[in-house]
Amino acid sequence: MEILFGKWVVAFSLCCCLIFYVAHSVEGLRGDAKVRGVNLGGWLVVEGWIKPSLFDGIPNGDMLDGTQIQLKSVTLQKYVTAENGGGMDVSVNRDIPLSWETFTLWRVSESEFQFRTSLGQFLTCFGEGCTIFATAESPSTTETFEVERNNNSRVHIKLKSGTYLQVSMANQLTADYPGTPGWDDNGATFEMTIVANNLHGDYQLANGYGHDKAKEVLETHRNSFVKEEDFNFLQKHKINAVRIPVGWWIAFDPNPPAPFIGGSLEALDNAFSWAEAYDIKCIIDLHAAPGSQNGMEHSASQDGTTGWPNSSDYISQTLDVIDFLASRYGKHPALLGIELLNEPSAASVPLDILISYYKQGYQIVRKHSSTTYVIFCQQIGNADPLELYQANIGSHNIVLDLHYYNLFDTFFVNKSPMENIQFIYQQRDAQLKVLNGSNGPLVFVGEWVNEWNVTDGSKTDYQDFGNAQLEVYNAASFGWAYWTLKNDREHWDFEWNMKNDYLEFSISHKQQILKSMMFLGLASVWFYLHRLL
């Protein structure tokens, strides 16, 4: 009797071990227990740095939406300034340009622009002979100016009626230059300095080309950048999931609001079909929300501002997009998860607004699917992911997405290869252990890359760095996804890394031990139960 009892105890213990292992697996995946994914970045949401050639054909391509400029009178050698940053008159009296002297462009056409001040007002003029003020809260015809450029940095600015702006004797900007100015030193000629031209997203591409040409460019890109053979490549390299960034305008296909271009929904449908054919799961990631949740190009911001949290209409519209995606794909066999919002800004999106949105988004997804993983992203910037653990966002199949880069922070500047690797093994590993051990969501390293600030790293250095990340991120309870499948920058390109052996993509030693123990346990359970019967 004691022997029989002992056998049952051993069998029960082994079963408990196996149950513990399975409890940390991801439902819906075959083979590997957790996500081993790749992001399809730069495909359905444009990021110009991933494929800069998309923007090559735009006229005045250095004057896209969101470009920041400064204007200097060639006669006075003074800068145009919006007094107090906006809301007052415009003067031409500053020797050194700072924020008040910096204007953000809203592009109307390749030669017509609106000028936004640092506080958000627009330069305005009510007709010939007027004085320019920075008082308009929103732009229309009276805030639209034509810009003429010569072969260097000199520009003329004129009203739609044809009257040129000039500097007045009182250092004001007025629309009363007589006739047509030349390019010599005169009151209507300004030196334009482009301070920043950093935004190259969907908004800049579509508004830069205009609808018809943008549609042609994006159709070619969407049909060629990601194709069925890419899913075959991913399957051969043991990738079991793709995270697919989409923009909010996908819910309005085929005719989304201007300037966005339809067609991304058809491409997403294709991705789901290819994923199902190659036994790969899909995570739909809402990368760009109305008004922009972080002011970056990958959120389709028009001018670098973050408007999403300031408008209940934007938030409501975003929830409608989640409802559209969940209703369309919630029952699709290839769907694994829906990420409610990518990289909301910690500086601009209040935590209470974000949590309220996440809770509503969770309920919407659950309305269409009881099993789909609902993923919510940590804020970028100064934010603690544990804040989201304490928010009680949902009851089951919820996931926290962390993005780990040894970039974009001065902390990583001048770090050696070994210091970067040690950071992975120490800080990142420690944070994952804390989060994995917390009573809350599963943990997903939704973006990481085999790139750093090291400028002279050898191939061996990159291999060691990649191996360190794979070993540590493999411990995340939901898994990880590499950023990104394809990229003009080699080390960001998953295919390039694999084909050139910069990423040694194999199951880690720890995983091999764990799997060996699992199979040994299964064999032991079978043996003991067989002897008992």
What pairs come up if the first residue lies in the stretch 416-428 and is touching a residue at least 24 places away in the same chain (Cβ under 8 Å), the second is polar (S, T, N, Q), and their beta carbons are under 7 Å apart, counting only those six or more places apart or on different chains? Asn420/Asn406; Ile424/Gln469
Out of all the residues in the stretch 453-470, which are free of Cβ contacts under 8 Å to residues at least 60 places away in the same chain and either among the hydroxyl-bearing types (Ser, Thr, Tyr) or surrounded by 21 or more Cβ atoms within 10 Å (Cβ to Cβ) (or both)? Thr455, Ser458, Thr460, Tyr462, Phe465, Gly466, Leu470
Tabulated pairs, the stretch 471-482, first of a type in the set (Phe, Trp, Tyr), second not in a strand (DSSP E or B), C-beta under 7 angstrom, 6+ apart or interchain: Tyr473/Trp448; Phe478/Val26; Phe478/Lys34; Trp480/Trp448; Trp480/Tyr473; Tyr482/Trp448; Tyr482/Val449; Tyr482/Phe494
Quick check on my filter: what residues within the stretch 270-285 are of a type in the set (A, V, I, L, M) and not in a helix (DSSP H, G or I)? Ile280, Ile283, Ile284
Within the stretch 145-177, can you find the residues that are within 17 Å of Ser91 (Cβ to Cβ), not aliphatic (A, V, I, L, M) and not in a strand (DSSP E or B)? Ser168, Asn171
Might you check whether a residue that is in a loop (DSSP other than H, G, I, E, B), touching a Cys at 6+ places or on another chain (Cβ under 8 Å), open to solvent by less than 50 Å² (accessible area, probe 1.4 Å) and touching a residue at least 12 places away in the same chain (Cβ under 8 Å) occurs anywhere in the stretch 382-392? no
Over the stretch 339-362, the set of residues acidic (Asp, Glu) and either touching a Lys or Arg at 6+ places or on another chain (Cβ under 9 Å) or in a helix (DSSP H, G or I) (or both) is Glu339, Asp352
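Could you tell me how many of the residues in the stretch 41-56 are surrounded by 14 or more Cβ atoms within 10 Å (Cβ to Cβ) and under 26 Å from Glu112 (Cβ atoms)?
Of all residues in the stretch 41-56, those surrounded by 14 or more Cβ atoms within 10 Å (Cβ to Cβ) come to 41-51, 54-55.
Narrowing the set further to residues that are under 26 Å from Glu112 (Cβ atoms) leaves 46, 48, 54-55.
The number of residues fulfilling the criteria is 4.
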Could you look through the stretch 393-412, keep only residues that are surrounded by fewer than 19 Cβ atoms within 10 Å (Cβ to Cβ) and hydroxyl-bearing (Ser, Thr, Tyr), and pick out the one that is modelled with the highest pLDDT? Tyr405
Subset of the stretch 96-151, residues surrounded by fewer than 14 Cβ atoms within 10 Å (Cβ to Cβ) and closer than 19 Å to Asn207 by Cα, comes to Ser109, Glu112, Ser138, Ser140, Thr141
Just name the residue that is farthest from Ile380 (Cα to Cα) out of those in the stretch 286-328 that are open to solvent by less than 10 Å² (accessible area, probe 1.4 Å), assigned to a helix (DSSP H, G or I) and of a type in the set (Gly, Ala, Ser). Ala326
Starting from the stretch 430-442, take each residue that is assigned to a helix (DSSP H, G or I) and list its partners that are surrounded by 14 or more Cβ atoms within 10 Å (Cβ to Cβ), counting only C-beta distances under 6 angstrom and pairs at least six apart or across chains. Leu432/Ala475; Leu432/Ala476; Leu435/Val443; Asn436/Val443; Asn436/Ser477
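The values are calculated or read from the model by the stated rules, or taken from the named source; none is laboratory data. Just so you know, these numbers come straight off a predicted model, no measurement behind them. Cβ coordinates were reconstructed from backbone atoms using ideal geometry, including for glycine residues, and neighbour counts include every protein chain displayed. In case anyone asks, the SASA skips ligands and DNA or RNA and just uses the protein heavy atoms, side chains included. Shrake-Rupley method; radii C 1.70, N 1.55, O 1.52, S 1.80 Å.
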